[in-house]
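Quick notes on the structure that follows.
The values are calculated or read from the model by the stated rules, or taken from the named source; none is laboratory data. Source: prediction; values computed, not measured. Here the Cβ positions follow ideal geometry from the backbone for every residue, glycine too, while neighbour counts run over all protein chains shown. To get the accessible areas, we keep the full protein, side chains included, count just its heavy atoms, and leave off ligands, DNA and RNA. Shrake-Rupley method; radii C 1.70, N 1.55, O 1.52, S 1.80 Å.
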Amino acid sequence: MHVQTISINPVDRLLSKGLQNLWYPVCPSDFVQDKPVSLRRFGYKIALWRDAAGQVHALEDHCPHRGAPLSQGVILGDRLACPYHGVEVRCDGTVTKVPGSPGCKLEGARAALDFHVHEAHGAIFLFNSDTHVDAPPAFRMPEELTSPEYSNFLCYAEWRTDYRYAIDNVMDPMHGTFLHKQSHSMADGDSKATFQVRETDLGFVFEKAGQRGVNFDWTEWGETDMHWMRLEIPYPKTGGPGGNFAIIACVTPISPELCAVFFWRCRRVQGWMRDTWRFLYRNRLEARHWTVLEQDRVMMEQMELDANERENLYQHDIGLVRLRRRLRRLAEEQLEGSGAA
Ligand code: FES
Ligand SMILES: [Fe+2]
């Protein structure tokens, strides 16, 4: 029998699951209601639940006794009781009770992996770390989400592809002119362009040289203890009052072939203009945006998972090349830091 040995480089292995020590959005807020839920994200199966005060907690969905899913258990405030033998685990990973064998060594041990949770902007965010962290850094999101001058809608989807293709897609503004050329907002502008990279304090901007405010003309990559992308698309007059339409995007790995995409659709609008925009968005614009996003999804899902091993890149791809290099560098640093490289 022919046995094929596949050796996966540690950097690739880390990147395929997602970089550690970063915040990631994992789901919209309404995924977690009155029962625990189980989600796979960045290489873990995670149990999430709300306590009586509405606060969300997260533990690896693996009971420290024998690995049963804690998410099938019962909520006891900041603890979950495992359905299999009743072991109780607190949100910081500590086993608080072993009802079948009181006083055993497992009681009091910090035996489960816990994740820090932050809920904001209509989503639940987790800090991805493979060990307990006492105090994670506080992440910052771009002003389109944090400033009261803006209003936003979160759009969530799961795409059957490696999360890195979904990132590449956002770092590739030029596809707007072609893939989305029929859309209401991306029909204008030159179909040829030269791109440039501009450094920022938080990352870099990949932009068309000489065209701005016409089409999907630039994407920004940002690192603020969370990785996000920002872009703007000018609205036609039919898009209602307000300035450009901005998108803040995050992509979270679920498995090697599945990812969660978060697109916050934002507009700088206040007062009656905000109400008008929100009304228009719900009634007319949202369906159009979904059509565009579906074009992206179909394209991503139809690409072979190893498509990036046979590419012939050109000038429009320097943004994603730069980002891939950056992510590899961060992965190498993480492995060096953990002594695994
Ligand atoms: S496996 Fe959870 S209590 Fe036994
Ligand atoms: Fe797109």
Check: From the residues in segment 157-194 that are under 23 Å from Val261 (Cβ atoms) and more than 16 Å from ligand 2 (Cβ to nearest atom), which one is surrounded by the most Cβ atoms within 10 Å (Cβ to Cβ)?
Finding: Asp162
Item checked: Residue, nearest to ligand 1 (Cβ to nearest atom), within segment 197-226, restricted to residues that are among the charged types (D, E, K, R) and closer than 18 Å to Pro25 by Cβ -> Asp225
Checklist line | Qualifying helices (runs of 4 or more DSSP H) (wholly inside segment 135-188; at least 2 residues being farther than 21 Å from Val251 by Cβ and modelled with pLDDT under 95) | finding: 175-179
Next item on the list: For Ala249, work out the one condition from (1) open to solvent by less than 10 Å² (accessible area, probe 1.4 Å); (2) over 22 Å from Arg324 (Cβ atoms); (3) among the small types (Gly, Ala, Ser) it doesn't fulfil.
Entry: (2)
Check: Counting residues that are basic (Lys, Arg), which strands (runs of 3 or more DSSP E) fully inside segment 205-307 reach at least 3?
Finding: 258-268
Next item on the list: Return the only residue of Arg328, Arg288, Arg297, Arg322 being under 22 Å from Arg13 (Cβ atoms) and touching a residue at least 60 places away in the same chain (Cβ under 8 Å).
Entry: Arg328
Checklist line | Identity of the residue in segment 82-109, among the charged types (D, E, K, R) and within 16 Å of ligand 1 (Cβ to nearest atom), that ends up most open to solvent (accessible area, probe 1.4 Å) | finding: Lys105
Notebook entry, point to check: For the subset of segment 110-131 comprising residues that are out of contact with any Asp or Glu (no Cβ under 9 Å at 6 or more places or on another chain) and open to solvent by less than 30 Å² (accessible area, probe 1.4 Å), which member is farthest from Asp61 (Cα to Cα)?
Noted result: Ala120
Checklist line | Matching residues in segment 258-274 - criterion: being among the aromatic types (Phe, Trp, Tyr) and in contact (Cβ under 8 Å) with a residue 60 or more places away in the chain | finding: Phe262, Phe263, Trp264
Notebook entry, point to check: Among the residues of segment 291-305, is there at least one that is among the acidic types (Asp, Glu), touching a Pro at 6+ places or on another chain (Cβ under 8 Å) and open to solvent by 40 Å² or more (accessible area, probe 1.4 Å)?
Noted result: no
Next item on the list: With the condition kept exactly as written, say whether any residue in segment 268-286 is touching a strand residue (DSSP E or B) at 6+ places or on another chain (Cβ under 6 Å) and modelled with pLDDT of 95 or more.
Entry: no
